[in-house]
Amino acid sequence: MTKQSSVGAVSHSRARLAVNFLGSMRLAVSLLVLLAIASVIGTVLNQQQPYQDYALKFGPFWFDVFRDIGLYNVYRTNWYLAIVGFLVLSTTTCLIRNTPRMLREMREPDAIVASAYDPRGMANNIKIISPLSMDSATHMVAAVMRGRGYRPKLHDRGDASMAVIARKGRYNRLGYILTHAAIIVFCAAALYNADIPVKLAMLVGSIRPENNFHIPLSEVSKDAWLPYNNPAYRGTVTVPEGQSTQVTYELVGNGYLVQPLPFRIMLRRFHVSYYSTGMPKDFISNIVLYNNEGKVLKEANVRVNHPLTYKGVQIFQASFVDGGSLLKMKRYMLNNPGADAVYQQARVGQSIYLSGTTYKLKLKGFSLDNVVPASAIESRPSATDQHINLGPSFTYIAQNKSGSGAEFKTYMQPITRDGQSYFVQGVRTAFGIPYEYLFIPTGPNGNIGLFMKYLSALQQQATADSSENTKSYVLNTFKKVVAKYAPSMTVDAEAAYFQSAISAILQLKAYPVPFIVTLTGFDHRWAAGLEVTKWPATVVIYWGCAVLVLGIFILFYLPQRRLSVVLHALTDGTEVIVGGTSSRNPYEFTKEFEEVVTRLRSVLGNQDDKKENVDG
Amino acid sequence: MASSQADELLTLTKIEAEGRWINRLSKLDLLWFAGLTVTVGVLVDVFNSQFWFWQYVVLATWYVTLVAVGIHWRAFQVAFLTVLSAALLGVWLYSIGQTPANDIILRYVLQGYAGVMWMIGFLLAATSAYVIYLFTLSEKFGRLATGLTWAGVLMGFIGLGVRWRETYIGHPDWGHVPVTNLWEVLVVFCAATSLFYLYYESRFKSKALGAFVMPLVAAAAAFLVWLTFVQHMDRIAPIIPALQSFWMKLHVPMMFVAYANFTIASLIGLAYILGDRSRRSGGGGILARALPSGEVMDNMMSKAIALGFLLFTIATILGAVWAAKAWGGFWSWDPKETWALIVWLNYAGYLHARTSKGWRGKQMAWWSFMSLWVVTFCFLGVNLFLSGLHSYGKL
C-alpha cells in the first residue's frame, strides 16, 4: 500500500475502490457465469420468429412482457450487451493493472537475490554435499541448468557462498497479456460488426423498421432505409432468375430494414444438383454484379461454402424457392368427360379461376425433380438403394366458393408400374395428412385422353340403355372405345389397360373435385435466397482468435519455472542447496526437479551416492 | 594449468550438451521423427499441385503434433502405426476389388462397421475389467483392463479410417470424413475419450480411475449399439451441401477431442468427491485405498481441462471460420454455437478460479463434475431438444 496525501483522498479512494471492484477476480468469475446463464435463454426460446408465433405461444400478457425485456432477440438486447460490456471493462481493468508489473517482471534481471529466491523457501528443495570446490561446483550447476533450457545467473554472496538463480519460461506472463488483450479486441470488433450507429438511430427513432412485407420496394417508408455507406450489415434477399436487386433486407424485430448495395446483383441462373438418392448435393447461383451504369463488375458461381467477395461485401448462397415458374395445364372435366379439355397457364404463386366451375386454383409449387426409392413405385423392388426420378410435379390447392377444397400433387410424366403407364396424382383433403395416390392409366399417346373417352362412353351408355348386363357393357364399351381411338393397342396391353381403368374409376368415386388438372409444359424459374454481408471487422476478429490461442498455449504449456541454488564452501567440499518452483503444474515440475537433482548429484559427485555405491 | 582449464571447459560443455532435450531422445524417438519427416516430405511432393495454403498449415500442424505427442508418449507411436497400417490394409483390400461379401478379413475385422463393433465390445469388456480392478486391486485385472481399452481404441480408429474410404466406394461423390452424423461422432467420442484416458492413466500411474471414466464410455458405446440396431444410423449416406467443407474434418474431430478431455476431467471430479468422502469416513474404504491422492487427481483434472479448453477454443474458432463461409457470418447465435460459448465461459471461469484465486480441492471437483452436464447438453442435448443450424445429429 502506498501512502496517500490527505488532499483528495476521498475521491481517490473511491476511484481505487471502483478499480479494485472492476479488477477483482470475484467479479470476473461472476460475470463469466452470469453471461453463460443469460446465454441459455436464447437457446431455449427460438429467436427472431414472427411476432404472431410468440403471441400465440405466450398469450397477450406474457407476449408483451417478454417482448419488452427482449427475449425474442436476447443477444441484441441492451442488458445482454451491458453484461458483455462489463466483462470487457473488467478484463481491461485487470489488463491495465497487471501488464506493467508483468512486463517489469519479464525484463527484470534474474540475479536479484531476494528472500523469494531462497531455495529453502521453495516448493521443491534438497541438499547435496559435493567434494568439489565451490567454484567448479558452481560451474557444473550452471552447465546442468543451461542444458535444460534455464538461463543461470551467478551471484557472489560473499562469505564463501555463491548463488545460482535460473529461470525458464520467463514469457509465461505474456500468455496472460495476449489472452486478455485478444478478448478485448475480439469484443470491440464484434461490436463494430453489430453496426452500433444503426442500433443507436433505431433507439432514437430516426430509423424505423417497415412492418408490411407485402408492398413493393418503392412503397417502403423512407425511415426503413439504411444509409448507403453503412459500415457493416448482414441481410438477405430473394432474386428470381433473370432478375436483379440493388438492396438487401435486414430482419429486425417484427419488421425489416432496407440496405442499399453498392452494386446490382443479377441472378442469371440457379441450379440444384442431386445425389442418386434425391438429396440435394449442391446449390449454385450464377450471378453477375453490375454497377449503376450497367457495367459488369464481376460474374461468378455462388455455392454453399463458396461465397463471392466483392469490395468487402460477401454474397452467400442461403436458400432457394420457386421464382414463379410458368405452368401450362390441361383440364379434363369429370362431370362432362366428352367435352374438349381446357388449356390454361399461370405462374407458381398465382391463383386462377376455372371457367365453367365454381373453383379457384392456387398454384403452390413446382418441383423439377422427384427422386424416390424404387421400392415406392415398383410392386417388386429389384435391388436395394435404387432410386428413380419421377420427373417434374406441381402442387395446387383447389377451393370452391363454399371454402371446401383439397390439395393435389400432380406428376407431369406418366409413371410405369408393372408394365402399365399411369398418370399419378396425390390427393389430400386436409393439410398435413399424407397424400392418397390416384393412378389413371395412360393410353398410347401418353395422356389420359383415352381414359376420358372411355369414361364419357360409359356415361352415355349408362344414360342411354340400362337393360344390358353391367359386366358385359363395361367391357363392350371399352372395346368400342379402343377400336375407335387406339386401334394399335395389343391384346395384352388392352387387358392391362382395362384392369387399371376399372380400378381408376372406382378410385374416382371419392375424388373431391369434378375435374382433373394435368401438366403439359412448364417454363421453370428458380429464385435464389442470397445472404449479403459486410463485416469489415471479421479480419480483426480472426487475428484476435489467433492471438487468443497463442496466449492460451503459452499460459498452459510454457510455465515459468525457477531454480535457485545456494552453494557454501565447506572445508573439504561444497554444500549445495537446490530449490525450485513453477507457476503451473507442480506435479510435472516435481518430476523435472527430480531429474535435475539426479543429474546434479552425478556431476557433483555426491558423497552420499558414492558411499551407497561402495556399500552396494 | 591452461590444459586443466580447457579440460574443465570441455567437461562443462559435455554436461550442458547431455542435458539438452534433443540429446536425451532415444533412437526410437529419432526414428519416429525421421519417419514422419520423410512421410510429410513425400506427401508434399505428391500433392504439391493440389494443396492450398490451409492444407499446408494443417499438414504442418499434424506433423508437429504427431512428433511431439509420439516423443512425449511412446505408446502413441505404436498405436498410430498399428492403426495406420491396419487401415491401409483395409483400403488396399478394397482397392484390389475385395468386398465385405467375399473377403473374410474385411467382413469380420477391417470394414468400418466391423471395426466399430469390435471397439464397442472391447470397451464394454474393459469397463467391467476396470470395475473389477477397483474392487479387487488385482494387478492382473488392471493389465487386462488397460489392454482391452487399447484394443478398443485401435479398432475404433481403424474402423473410422476404413469407413472414410468406404464412403467413396460405389458413389465417389458421397465421400466424406466419417464425422457427419451422430453415429460417426459417437465412435470418435468413444475412441478419443478412451485414448486420452489411457494417456492420463500412463502418465499418472492410476488404473483405479478407469472405473470412473470408462462407464461413461460404455454408456456411449451402448447408445451406439442402439443407434446401430434400432435406428440403422451406421448406413453411409451422402452429406448436405453445408457439410461439404474443408473445415469440417478439422472442426468436428477437434471438438470431440475437447469433449473427451472435459468428460475425463468431470469423471475424475466425481472420483475426487467420492474418494474424499471415503477418506474422511475413516480411510478404510475401497476408494480411499484405490484412488490416487487428492492432489494428483486435482492436478489431472486441471491438466485435462486445460488441454480441453485449448482444443475447444481452437475448434470453436475453426467452426466460426467455417460458419463465415457457409452461413454468411462467423457467429449466428445458433443454439449449438451459444452452448459452445456457455461451455467455454464455464471452463474459463473454472480456470480463472483455479489459477488466479488458487481454488483447489472439493469445490473445484464439484465444478468439474457438474460441467459434465453442460458439456453433454452441448454435445447431445442441443441436437435432441433444440432446433437450429446444427441439426445434423438428429435422431
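The values are calculated or read from the model by the stated rules, or taken from the named source; none is laboratory data. Note that the coordinates shown come from a computational prediction; the quantities given were computed from them, not determined experimentally. Glycine gets a Cβ as well: all are built from the backbone with ideal geometry, and neighbour counts include every protein chain shown. The area values use the complete protein model at the heavy-atom level, side chains included, leaving out ligands, DNA and RNA. Shrake-Rupley method; radii C 1.70, N 1.55, O 1.52, S 1.80 Å.
How many of the residues making up region A:119-159 are within 27 Å of residue B:10 (Cα to Cα), assigned to a helix (DSSP H, G or I) and not aliphatic (A, V, I, L, M)?
Here the count works out to 6.
Considering only residues of region A:280-326 that are aromatic (Phe, Trp, Tyr) and closer than 21 Å to residue A:536 by Cβ, which is surrounded by the most Cβ atoms within 10 Å (Cβ to Cβ)?
Result: A:316.
Go through (1) touching a Lys or Arg at 6+ places or on another chain (Cβ under 9 Å); (2) assigned to a helix (DSSP H, G or I) and name the single condition residue B:176 misses.
Only one criterion in (1) touching a Lys or Arg at 6+ places or on another chain (Cβ under 9 Å); (2) assigned to a helix (DSSP H, G or I) is unmet by residue B:176, namely (2).
May I ask you to verify whether residue A:65 is part of a helix (DSSP H, G or I), hydrophobic (A, V, I, L, M, F, W, C) and open to solvent by less than 40 Å² (accessible area, probe 1.4 Å)?
Here the answer is no, as residue A:65 does not meet what is asked.
Looking only at residues in region B:72-116 that are β-branched (Val, Ile, Thr) and in a helix (DSSP H, G or I), which one is nearest to residue B:24 (Cα to Cα)?
B:78
Taking only region A:579-610 into account, find how many residues are within 51 Å of the chain's Cα centre (by Cα) and either at pLDDT below 85 or closer than 22 Å to residue B:360 by Cβ (or both).
14
Report whether or not residue A:137 is within 11 Å of another protein chain (Cβ to nearest Cβ), in contact with a helix residue (DSSP H, G or I) (Cβ under 9 Å, 6 or more places away or on another chain) and not acidic (Asp, Glu).
So residue A:137 does not fit the description; no.
Might you let me know whether region A:536-543 holds any residue that is more than 30 Å from residue A:131 (Cα to Cα), of a type in the set (Gly, Ala, Ser) and in contact with a Phe, Trp or Tyr (Cβ under 7 Å, 6 or more places away or on another chain)?
Within region A:536-543, one or more residues are more than 30 Å from residue A:131 (Cα to Cα), of a type in the set (Gly, Ala, Ser) and in contact with a Phe, Trp or Tyr (Cβ under 7 Å, 6 or more places away or on another chain).
Please identify the pairs in which a residue from region A:21-45 that is under 19 Å from residue A:98 (Cα atoms) and within 9 Å of another protein chain (Cβ to nearest Cβ) has its Cβ atom under 6 Å from the Cβ atom of a residue that is charged (D, E, K, R) and part of a loop (DSSP other than H, G, I, E, B), counting only partners at least 6 apart or on another chain.
Matching pairs, first to second residue: A:25/B:357.
Being farther than 26 Å from residue B:263 by Cβ and in contact (Cβ under 8 Å) with a residue 60 or more places away in the chain is the filter here, so list the residues in region B:216-242 that pass it.
If the condition is that a residue be farther than 26 Å from residue B:263 by Cβ and in contact (Cβ under 8 Å) with a residue 60 or more places away in the chain, then B:236, B:237, B:238, B:239, B:240, B:242 are the ones that fit.
Might you check whether a residue that is without any contact (Cβ under 8 Å) to a residue 60 or more places away in the chain, open to solvent by 20 Å² or more (accessible area, probe 1.4 Å), away from chain A (no Cβ under 14 Å) and not in a helix (DSSP H, G or I) occurs anywhere in region B:274-282?
So far as region B:274-282 goes, yes, one or more of its residues are without any contact (Cβ under 8 Å) to a residue 60 or more places away in the chain, open to solvent by 20 Å² or more (accessible area, probe 1.4 Å), away from chain A (no Cβ under 14 Å) and not in a helix (DSSP H, G or I).
Pairs, please: C-beta under 8 Å, at least 6 apart or cross-chain, first residue closer than 23 Å to residue A:311 by Cα and within 12 Å of another protein chain (Cβ to nearest Cβ) and in region A:259-288, second assigned to a strand (DSSP E or B) and among the hydroxyl-bearing types (Ser, Thr, Tyr)?
Short answer, once both residue conditions are applied: A:284/A:273.
Out of A:486, A:464, report the one residue that is touching a Pro at 6+ places or on another chain (Cβ under 6 Å) and modelled with pLDDT under 85.
A:486
State all residues of region B:324-356 that are small (Gly, Ala, Ser), free of Cβ contacts under 8 Å to residues at least 24 places away in the same chain and in a helix (DSSP H, G or I); if no residue qualifies, say none.
If the condition is that a residue be small (Gly, Ala, Ser), free of Cβ contacts under 8 Å to residues at least 24 places away in the same chain and in a helix (DSSP H, G or I), then B:324, B:349, B:353 are the ones that fit.
Is it the case that some residue within region B:328-338 is open to solvent by 40 Å² or more (accessible area, probe 1.4 Å), in contact with a helix residue (DSSP H, G or I) (Cβ under 9 Å, 6 or more places away or on another chain) and not hydrophobic (A, V, I, L, M, F, W, C)?
no
Restricting the search to region B:353-381, which residues are within 9 Å of chain A (Cβ to nearest Cβ) and either open to solvent by 50 Å² or more (accessible area, probe 1.4 Å) or within 28 Å of residue B:241 (Cβ to Cβ) (or both)?
Matches in region B:353-381: B:355, B:356, B:357.
For residue A:483, all conditions in the list (1) under 47 Å from the mean Cα position of the chain (by Cα); (2) open to solvent by 40 Å² or more (accessible area, probe 1.4 Å) hold save one; what is the number of the exception?
(1)
Is it true that some residue in region A:151-169 is in contact with a Gly (Cβ under 7 Å, 6 or more places away or on another chain), basic (Lys, Arg), under 30 Å from residue A:605 (Cα atoms) and open to solvent by 50 Å² or more (accessible area, probe 1.4 Å)?
Among the residues of region A:151-169, at least one is in contact with a Gly (Cβ under 7 Å, 6 or more places away or on another chain), basic (Lys, Arg), under 30 Å from residue A:605 (Cα atoms) and open to solvent by 50 Å² or more (accessible area, probe 1.4 Å), which makes the answer yes.
Taking the condition of being part of a strand (DSSP E or B) and open to solvent by 20 Å² or more (accessible area, probe 1.4 Å), how many residues in region A:246-259 meet it?
5
Identify all residues within region A:233-243 that are within 15 Å of residue A:317 (Cα to Cα) and either open to solvent by less than 50 Å² (accessible area, probe 1.4 Å) or away from every other protein chain (no Cβ under 14 Å) (or both); write none if there are none.
Once the filter is applied, which keeps residues that are within 15 Å of residue A:317 (Cα to Cα) and either open to solvent by less than 50 Å² (accessible area, probe 1.4 Å) or away from every other protein chain (no Cβ under 14 Å) (or both), region A:233-243 yields A:235, A:237, A:238, A:239, A:240, A:241.
Can you say whether residue A:198 is open to solvent by less than 20 Å² (accessible area, probe 1.4 Å), away from chain B (no Cβ under 14 Å) and not in a loop (DSSP other than H, G, I, E, B), as far as the supplied structure shows?
yes
Any idea which of (1) under 25 Å from the mean Cα position of the chain (by Cα); (2) under 26 Å from residue A:255 (Cβ atoms) is the one residue A:66 doesn't satisfy?
Just one mismatch for residue A:66, condition (1).
Yes/no per residue for (1) away from every other protein chain (no Cβ under 13 Å); (2) of a type in the set (A, V, I, L, M):
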site: B:240; (1), (2): no, yes
site: B:260; (1), (2): yes, yes
site: B:320; (1), (2): no, yes
site: B:324; (1), (2): no, yes
site: B:327; (1), (2): no, no
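Take the residues in region A:555-604 that are more than 26 Å from residue B:200 (Cβ to Cβ) and of a type in the set (D, E, K, R); name whichever of them is surrounded by the fewest Cβ atoms within 10 Å (Cβ to Cβ).
Among those that are more than 26 Å from residue B:200 (Cβ to Cβ) and of a type in the set (D, E, K, R), it is A:572.
I'm checking my understanding of the structure. Among residues of region A:498-553 that are more than 26 Å from the chain's Cα centre (by Cα) and of a type in the set (Gly, Ala, Ser), which one is surrounded by the fewest Cβ atoms within 10 Å (Cβ to Cβ)?
A:510
Is it the case that region B:94-107 has a residue that's touching a Pro at 6+ places or on another chain (Cβ under 7 Å) and open to solvent by 40 Å² or more (accessible area, probe 1.4 Å)?
Within region B:94-107 (the criterion being touching a Pro at 6+ places or on another chain (Cβ under 7 Å) and open to solvent by 40 Å² or more (accessible area, probe 1.4 Å)), the answer is yes, since at least one residue qualifies.
Say whether the condition of being open to solvent by 60 Å² or more (accessible area, probe 1.4 Å), touching a residue at least 40 places away in the same chain (Cβ under 8 Å) and part of a helix (DSSP H, G or I) is met by at least one residue in region B:48-64.
Yes, that holds for at least one residue.
Restricting to region B:133-167, name every residue that is among the hydroxyl-bearing types (Ser, Thr, Tyr) and under 16 Å from residue B:243 (Cα atoms).
Across region B:133-167, the qualifying residue is only B:167.
Within region A:236-247, can one find any residue that is within 25 Å of residue A:70 (Cα to Cα) and acidic (Asp, Glu)?
No.
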